[in-house]
Amino acid sequence: MWLFLHFKRWKYKKKGVNTWKYFLEPTVYCSFVPNTRYLEAYIENMNNQEINTYLQNEQEGTTREHSLSWIERHQNDYTFSMLDRTTNEFIGNCSIHDIENNSGEIGIFISPLFQNIGLGTEAITELIRIGFNELHLEEIRLIVFSHNERAIRCYQRLGFEEYNRITAVTTRNNEPIDDIYMRLRRN
């Protein structure tokens, strides 16, 4: 299932400078399968080294064929295209997948243009809400690379705790990178 999360933006002044602020409108607007409307933006982001360095991909980058195959294999996941509600510009994807035994895994990526403004926190918060309140999960899991400190802090602020670590699963700049397994349990 491929769904949309729309972020609405408004202009405000911060220290005398006009800037944009985004917020998530927590309603799912559209559902259809498969989603190829934002496929080119998705591929562009997957091939962006700044994003790819933080993803659990076995390959670097992607092709159109690989992306279509991925969409086909993940039809039973809850995958969300995040869009700017005003411009419909593609912000990124987030998902709840590998759902079994009242547990699901989440994943997210955000285009570099939209990073560092709180959208990741809002999207993860919405995934948590959907996972616990609509899918009735008891646990939400994720895997994050140890060098993705910004994401780790975000997950910890939202209540995720580390429960496992696999050391040196890959390298970046000749430095070993661990897989950190985190989870959030329903209260």
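Rule-based calculations on the coordinates, nothing more; no lab input. Quick caveat: nothing in here was measured; it's all calculated off a predicted structure. Glycine gets a Cβ as well: all are built from the backbone with ideal geometry, and neighbour counts include every protein chain shown.
Details
- Taking 0.36 nm per residue of separation and subtracting the Cα-Cα distance, full extension of the segment from Asn174 to Glu100 would add 23.0 nm.
- Where labels lie 7 Å past Cα in the beta-carbon direction, separation of Thr121 and Asn133 in nm: 1.9
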